[in-house]
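Enquirer: Have a look at this one.
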Amino acid sequence: MNSDIVNPKQATAILSVFLISGTSVTMNNYLSKQNTWISLIISVAVSAVMFLLFAKILKLFKGKNLFEISERCFGRLGSKLISAVVVIYAFIRGIVALRSFCEMVTITSLDETPILFIAVFVMLTSAFMIKSGLYVMGKCSLFFAAVIVFITALTTLLSIGVMQFENLMLTGISAASLVADSVSFITHPFLDALLLLCLFSHIKNNANHSKIFIWALILAALVMVVTLLRDILILGGETFSQLYFPSYSATGIINIYNFLQRISVLDAVKTLFSVLIEVSVCLFCVTKGLGFLIRYDSYKNLAFPVAMLMSVLCTVCFSSTMVLADFTKNLTYFALPAQILLSLVILGMGTLKNKQKNS
Amino acid sequence: MQVASPLPPPDSNGVIDYNVIKISADIQENYKIFKEIFKNDNTVVIRVFENQQDKDIQFLGISINGMVKPNSIYQSITSPLMQKKFDKNESYFTQAHREIISSLDLSIKTDVKDIVKAILYGDTAIMVSGGTQAILVETKGWSTRSISEPDSEKNLKGPREGFTEAMIINASLIRRRIQTSDLKFQYMNLGTRTNTFACIVYLDSLVDKKVLTEFVRRLEKISSDSVLDANYIEELIKDNRHSPFKTIGSTEKPDVAAARILEGRIALIVDGTPIVITLPYLFIENFQSPDDYYLNYYFASIGRLLRIIGFFITISLPSVYLALVTYHQEMLPTQMVTAIAESSKGVPFPTFVECLIMLFVFEILRETGIRMSSKIGQALGIVGGLVVGQAAVEAKIVSAPMVIVIAFTGITGLITPRLSGAAILIRTLSLIFTAILGFYGFFLFMITVLIHVMSLKSFSYEYISLSFKPQSIKDIYVRAPQWQLKTRPKFAKDKYRR
Amino acid sequence: MKRLILLIISGCLLLCGCWNYKEIKNFTIVMGVGIDEGKAQRYRVCVEIAAMKSGGEQVRDQAKPKVVSVEGDTVLQAIQSITATTGGNLYFDNCKIIVLGDGICEKGIGNIVEYFVKTAYFQKNIDVAVAHNTTAEKIFSINPTNEEVVSTELANSIRSTAQTSSTAMNVTPYQLYNAYKSGKGSVITALKIEKNGQEKMIMSGGYGCFNGLKLTGYLTENEALFYNFAKNKVSKGQLSVKVDNKVSGFEILNAKTKLNRSGELIVTADVAAYDGTVTATEQDINRYVKQNVKKVISKAITDFNCNEFSFSGHVSVIGNVTVRDRRLAG
């Protein structure tokens, strides 16, 4: 229990690295091409409202994670149902993120390595991080967040030489494509912050939860917008929307006097860090949820088996890259209503219960 | 006919329980008892002597040849006891220890166990007829190595004294540097057979009492029968037993020990070894050297940064080279690709095997250099460099870039000697993981090492804290000038100003 | 029992093989790729392979780069057939230039460009060039002067021409792909074979104009300079202003082009006179620049149907050239 308490700073770091993985690891097909950054900003504005909602849920029930909150609101049967839904969703999110990362590795550099192999290595590290506790994950995320910000700043500054500013012209802007892309951004990564409600039950120093969520949102949004802008400026709208991993190609184009060239490994490192935190958070949610469902207190023992299950399933569930891209797109339809409904319902019941308790 | 032994039989470990024996008022009885205890030990001198004035007063003196100063025994014990006149009205025992024996440091003990322990350490035991206790007089006179500069912690500028093998002398070296009654020395005995003396040193007002109690508790829990060196203790009380990183520090220099005590840490001096261990110990102390505080702060800061960078180079350079050359060749400039390809064209081994061979050879050379005497060691260095470097490249066993990489790795590995064990382990494992998955394997392994280091604790203090606040930077990554080092490190009680 | 299982699992993980482990010494490094029309099949792909001396020896004869060409129905098929002929893993990551032959450009190179953009093992910032009235194979077969690889020389010459005389431009596949997908035209630097006595040389300069990635016409070097004025890509160059049958030469120090709100192209430049016998005035230079830029733009947009710009072929041009200094000869 002691190893699961984090500072507000570490909580902000975990959340912001989790959100940053939304642009680095997804296999999205952006409809709005060179105007994707505008849809990102729109989705940030909308998600800010939802984040305040999440913070309110945590504030209403101090010291309880999402599963215990649902138990207080809905009784035992209702909480088991909700926990099962959350566990399944976290599992699916983890599998999709893991498979996207493995696809990135196989498509861009190591093309003959089997998917299962890469997945097992990533999940082993992730399970080790979980067994060391949320505190260690928080400390690592602080380090990862600093490195990610540094890499983003460095590559953006270095790439000014190859940027073509006419790529930013707002031609062909259509509200439908902007809205479609905003919705996909809102679903993943922003509303996935719901999963972090399972972890942030205990935060030190009487933290202000809304401050944590909003600062993480701002930091992640900054990094994501800068990354998107850099990619669009270097590659141009068409190429950007056709490539699965535009950041990798964009950083590969940077060339400083033939000495510093093809530094795509910086982007690979950034993706690795963000994927690790995203997969670890999903894995943590699954193990905690499973522990809650079967009333198993030392749920950390479940970390390694669930991790192996995730790596096997991510190999087996998607037969090809296109199936994965399709699935990612269709997941939006299921995920968005579920996330919004879940958070609104929990907040509603929570406020009711609180009023009942106070009166 | 065999005389019955006055001692109880030994127990299962072969150790005699002395608690059952009592000192009798008869000197001849005591003589027999102690002769039996120190049977077959020819260094023990047991003598019965009498007072000149009154032949009824007998004394039993026990000491160990070579552990005591004979002159002081003669001057302060045997001579006055034999010559002075005893008053018949008072107890002879009380007169002996109060008026006759002229030594300042004496104690009275009843338990045979304590008496035997004191005799074994160099005290002299005196028993007087009529007394059921023994007087233990301080007469330690064993010889010890003189104070010299330690080989492993050399300074450019600053004090050159090093600890010796005698605990008393080491304690005095620390005491001379911190002259306050706040400095506490607590004696302990460790090891059931060796009964090694150890001394815990700390500053009462600065130390964290929780750490102190935990430390003493762990020391008392040690059930080993031999404690010959501070490292034995280190390994028995460490927080994380399987980690290659040190969580308990050690030093051979009194100024370093005194500086650490002044930061609120606890030091343990062990008799028989010049190594003094200090705790808690943080990761950044692996990169600190006392020279940093005795030299100009720019030079010291550069040195410290070089050490940190050197550590990272030594654990990652072979892996990065391997990843670049075998998995991610697109990152190399074209001319480098052709150059490396040309220079490794005739080499039959894959790059990974070359790397392992060269690392192995380098470790052998390094270990041989330590064990050899210095004259042969120098010649071996030249031979090793020539043979491995030049001839192996020409015989096409390894390629030239590999030799450069490994040589640089080895040299940077010697910058931080305290991390050498951890560095070799991490370097080899990361090489293996890089050979499997390229840069991704390398970074995944490094993240695993990072997770492990971040979960380490040294006596409930965090082992590593990557913070970039000014309070932390000023003594972690660089060494700020003395006028800015106003507060103690954050892990200690930071309300105490220097 | 637990330790045995752990040992077996870690053994399987660590020893199961490194699929992507490639040794540099086994590589066949491809420096340049050329694509032409094939006689029997659709494409004829030729690659230039860098020469490798074996370590320590300095035998010059072995150090010549090789050119291999193979035909195939798709570019991918041709490239994989090349592996069968040379016997070695082709390594494309250091490929410096793609040369497209005249014939294939007239037929359309959309799918070729898409191939180079989407493949992971070609770098994204390769230079692309068009072979003017010749084939890519002939260009690669020119014996280079100092036994360097032809592709490196070509790539370097395009870059230096772009910098010193602004009659060429670095074009990358993804820029072409962007233009192709958004329906705009594009230009690619042209390479010509010139005879220099006994030897042959390759000159880079001028542009091939493409519409929907089909070749529609060529611009000469001089015209390329004015095209670059319109694209705001002039760094240095020269202007030879002809007034009353007298030619005055000016060196362009820097230039900038803007499109103002009323749709007029304003060309601002600083020039210096390096010839002591100049007679042209600033007005003459301005008129010369204005005429030629308008002519070239209308030629590219109207005649060749290649429109990269957001303005039409009838844009009005205003010249704003100032003479910075008149350098005296000697």
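Enquirer: Compute the long axis of helix A:115-132 from its Cα atoms, compare it with the longest principal axis of the Cα atoms of chain A, and write down the angle in degrees, 0 to 90, nearest 10.
Expert: 50
Enquirer: Straight-line reach from C:LYS184: which aspartates and glutamates have Cα under 18 Å away, leaving out those fewer than 8 places along the same chain?
Expert: A:GLU166, A:GLU238, C:GLU106, C:GLU114, C:ASP303, C:GLU308
Enquirer: Note down the magnitude of the dipole of the stretch C:225-326 about its Cα centre, charges +1 on Lys and Arg C-beta and -1 on Asp and Glu C-beta and zero elsewhere, to the nearest 20 debye. Mind dumping the intermediate values first?
Expert: Working: 15 positive and 10 negative charges, 45 e Å.
That gives the stretch C:225-326 a dipole magnitude of about 220 debye.
Enquirer: Still on this structure: How many Å² of accessible surface get buried when C and A come together, counting both sides, probe radius 1.4 Å, rounded to the nearest 100? Before the final figure, lay out each step's value.
Expert: Values: alone 17920 and 15530 Å², together 31510 Å².
Separately minus together, C and A give about 1900 Å² buried.
Enquirer: Counting only protein chains, not ligands or nucleic acids, how are C:ARG261, B:ARG47, A:ARG262 ordered by accessible area (probe 1.4 Å), most first? Before the final figure, lay out the partial values.
Expert: Numbers: C:ARG261 240, B:ARG47 120, A:ARG262 20 Å².
From most accessible down to least: C:ARG261, B:ARG47, A:ARG262.
Enquirer: While we're on this one: Determine, for each peptide in B:455-465, B:275-285, the mean count of other beta carbons within 10 angstrom over its residues, then list the peptides with the highest first.
Expert: Details: B:455-465: 18.4, B:275-285: 22.3.
For the peptides B:455-465, B:275-285, the packing ranking is B:275-285, B:455-465.
Enquirer: In chain B, which helices (entire DSSP H runs) extend 18 Å or more along their own long axis, judged by Cα positions, while averaging at least 1.6 on the Kyte-Doolittle scale?
Expert: On the way: long enough: B:297-326 (42 Å, 1.43); B:351-371 (30 Å, 1.18); B:400-413 (20 Å, 1.89); B:420-454 (24 Å, 1.93).
Span-like helices in chain B: B:400-413, B:420-454.
Enquirer: I would also like to ask the following. Please calculate the 1.4 Å probe accessible area of B:ARG145, with all protein chains present, and give it to the nearest 10 Å².
Expert: 100
Enquirer: Over 20 Å between Cα atoms, which of A:LYS211/A:LYS270; B:LYS345/B:LYS396; A:LYS139/B:LYS457; B:LYS113/B:LYS209; B:LYS238/B:LYS469; B:LYS69/B:LYS253 qualify? Intermediate values should be presented prior to the final figure.
Expert: Numbers: A:LYS211/A:LYS270 25 Å; B:LYS345/B:LYS396 9 Å; A:LYS139/B:LYS457 14 Å; B:LYS113/B:LYS209 31 Å; B:LYS238/B:LYS469 29 Å; B:LYS69/B:LYS253 28 Å.
Checking Cα-Cα distances, A:LYS211/A:LYS270; B:LYS113/B:LYS209; B:LYS238/B:LYS469; B:LYS69/B:LYS253 exceed 20 Å.
Enquirer: Under a straight-distance cross-link criterion of Cα-Cα below 20 Å, which aspartates and glutamates are reachable from A:LYS353, leaving out those fewer than 8 residues away in the same chain?
Expert: Counting by Cα, and skipping residues close in sequence, A:LYS353 has these aspartates and glutamates nearby: A:GLU68, A:GLU71.
Enquirer: So, one more: Describe numerically, in nm with one decimal, the distance between label points set 7 Å from Cα along Cα→Cβ at B:ILE169 and at C:LYS233.
Expert: 8.1
Enquirer: Please average, across the residues of A:234-244, the number of beta carbons from any other chain that are within 10 Å of each residue's own beta carbon, and give a whole number. Each step should come with its number before you reach the end.
Expert: Numbers: counts 3, 7, 7, 3, 9, 11, 2, 1, 7, 5, 2.
Per residue, the average neighbour count from other chains is 5.
Enquirer: Quick check: from the Cα gyration tensor, does the stretch B:293-458 come out rounded (a/c under 1.5), prolate or oblate?
Expert: Oblate is the answer for the stretch B:293-458, as a/c is 1.5 or above yet b/c matches or exceeds a/b.
Enquirer: Quick check for you: with a 1.4 Å probe and neighbouring chains kept, what is the accessible area per residue of the protein assembly as shown, in Å²? Intermediate results must be reported in sequence, preceding the final value.
Expert: Details: 53620 Å² over 1187 residues.
Using a 1.4 Å probe on heavy atoms only, each residue of the protein assembly as shown averages 45 Å².
Enquirer: Rank B:ARG371, B:ARG427 by accessible area, highest first, at a 1.4 Å probe radius? Please report the intermediate quantities before stating the final value.
Expert: Numbers: B:ARG371 170, B:ARG427 10 Å².
Result, largest first: B:ARG371, B:ARG427.
Enquirer: Among C:SER235, C:TYR288, C:SER298, which residue has its Cα positioned farthest towards the positive end of the charge dipole of the stretch C:225-326, with +1 placed on the Cβ of Lys and Arg, -1 on the Cβ of Asp and Glu, and the dipole taken about the Cα centre?
Expert: Of the listed residues, the answer is C:SER298.
Enquirer: Something else now. State, in square angstrom and to the nearest 100, the accessible area buried between chains A and B, both chains counted, probe radius 1.4 Å. Display every interim value, and only then the final one.
Expert: Numbers: alone 15530 and 26460 Å², together 39510 Å².
That pair hides around 2500 Å² of surface in total.
Enquirer: With labels modelled as points extended 7 Å from the Cα through the Cβ direction, what inter-label distance (nm, one decimal) is found for A:ALA175 paired with B:LYS55?
Expert: Label-label distance for A:ALA175 and B:LYS55, simple model: 13.0 nm.
Enquirer: Now for a different question. Compute the relative contact order of chain C as a whole-number percentage, counting only Cα pairs closer than 8 Å that sit 6 or more residues apart in sequence.
Expert: Values: 681 pairs, mean separation 40.8, N = 330.
After rounding, I find 12 percent.
Enquirer: If I compute solvent accessible area with a 1.4 Å probe over the protein chains, what percent of it on the protein assembly as shown is carbon and sulfur?
Expert: Ligands and nucleic acids excluded, carbon and sulfur reach 59 percent.
Enquirer: Something else now. For the stretch B:304-365, rounded, prolate or oblate, judged on the Cα gyration tensor with a ≥ b ≥ c (square roots of eigenvalues), a/c < 1.5 rounded, else prolate if a/b > b/c? Intermediate results must be reported in sequence, preceding the final value.
Expert: Details: a/c = 2.52, a/b = 1.31, b/c = 1.93.
Here the stretch B:304-365 falls in the oblate category.
Enquirer: What does the average come to when, for each residue of peptide A:258-269, you count the partner chain Cβ atoms lying within 10 Å of its Cβ? The partial results should precede the final answer.
Expert: Details: counts 3, 1, 1, 7, 10, 1, 7, 11, 0, 0, 5, 4.
Average per residue, whole number: 4.
Enquirer: Follow-up. Report the far tail of the P(r) of chain A, meaning the percent of Cα-Cα pairs longer than 40 Å.
Expert: Numbers: 7202 of 64261 pairs.
Of all Cα-Cα pairs in chain A, 11 percent lie more than 40 Å apart.
Enquirer: Total accessible area buried between chains C and B, 1.4 Å probe, in Å² to the nearest 100? Write out the running numbers ahead of the final one.
Expert: Working: alone 17920 and 26460 Å², together 42330 Å².
Heavy-atom accessible area buried at this interface is about 2100 Å².
Enquirer: Still on this model: Would you be so kind as to list the residues of the stretch B:313-334 that have their accessible area lowered by at least 30 Å² in the full protein complex compared with their chain by itself (1.4 Å probe)?
Expert: Those are B:THR326, B:TYR327, B:GLN329, B:GLU330, B:MET331, B:PRO333, B:THR334, which lose 30 Å² or more relative to the chain on its own.
Enquirer: Okay, moving on. Check each residue of the stretch A:90-133 and keep those whose accessible area, probe 1.4 Å, is at least 40 Å² smaller with all protein chains in place than in the chain alone; give them in order of residue number.
Expert: Listed by number, the residues meeting the 40 Å² cut-off are A:SER109, A:LEU110, A:GLU112, A:PHE117, A:PHE121, A:THR125, A:PHE128.
Enquirer: Residues of C:107-120, mean number of Cβ from any other protein chain within 10 Å of their own Cβ, rounded to a whole number? If you can, show how the numbers build up before the last one.
Expert: Numbers: counts 0, 0, 0, 0, 0, 0, 0, 1, 0, 0, 6, 5, 0, 13.
Across C:107-120, the average partner-chain Cβ count within 10 Å equals 2.
Enquirer: Top to bottom by accessible area (1.4 Å), largest first, where do B:PHE408, B:PHE197, B:PHE349 land?
Expert: Correct descending sequence by accessible area is B:PHE408, B:PHE349, B:PHE197.
Enquirer: For chain A, what's the relative contact order in percent, using C-alpha pairs closer than 8 Å and at least 6 residues apart? Display every interim value, and only then the final one.
Expert: On the way: 491 pairs, mean separation 142.6, N = 359.
So the answer I get is 40 percent.
Enquirer: How large is the charge dipole for chain A, taken about the Cα centre, if only the Cβ atoms of Lys, Arg (+1) and Asp, Glu (-1) carry charge, to the nearest 20 debye?
Expert: Working: 25 positive and 15 negative charges, 346 e Å.
Dipole size: approximately 1660 debye.
Enquirer: Determine, for the stretch A:15-107, the count of lysine pairs separated by eight or more sequence positions (or lying on different chains) whose alpha-carbon distance falls under 23 Å. Kindly include the intermediate steps, with their values, before the conclusion.
Expert: Values: A:LYS56/A:LYS64; A:LYS56/A:LYS80; A:LYS59/A:LYS80; A:LYS62/A:LYS80; A:LYS64/A:LYS80.
Count of close lysine pairs: 5.
Enquirer: Helix by helix, which DSSP H runs in chain C go 18 Å or more along their axis at the Cα atoms and have an average Kyte-Doolittle hydropathy of 1.6 or more?
Expert: Details: long enough: C:2-15 (19 Å, 2.09); C:150-164 (21 Å, -0.23); C:282-298 (24 Å, -1.04).
Taking the DSSP H segments of chain C (at least 18 Å long, mean hydropathy at least 1.6), we get C:2-15.
Enquirer: Give me the lysines in straight-line cross-link reach of B:LYS55: C-alpha distance below 24 Å, same-chain residues under 8 apart excluded.
Expert: Partners found: B:LYS32, B:LYS35, B:LYS84, B:LYS85, B:LYS88.
Enquirer: Now for a different question. Any idea how far apart B:LYS85 and C:ALA84 come out in nm if each label point goes 7 Å out from Cα toward Cβ?
Expert: 12.7
Enquirer: With all protein chains present, calculate the accessible area of B:SER12 using a 1.4 Å probe and round the result to the nearest 10 Å².
Expert: Looks like 120 Å² after rounding.
The values are calculated or read from the model by the stated rules, or taken from the named source; none is laboratory data. As the structure is a prediction and not an experimental result, all values here were calculated from the model. Cβ coordinates were reconstructed from backbone atoms using ideal geometry, including for glycine residues, and neighbour counts include every protein chain displayed. SASA here: full protein model, heavy atoms, side chains in, ligands and nucleic acids out. Shrake-Rupley method; radii C 1.70, N 1.55, O 1.52, S 1.80 Å.
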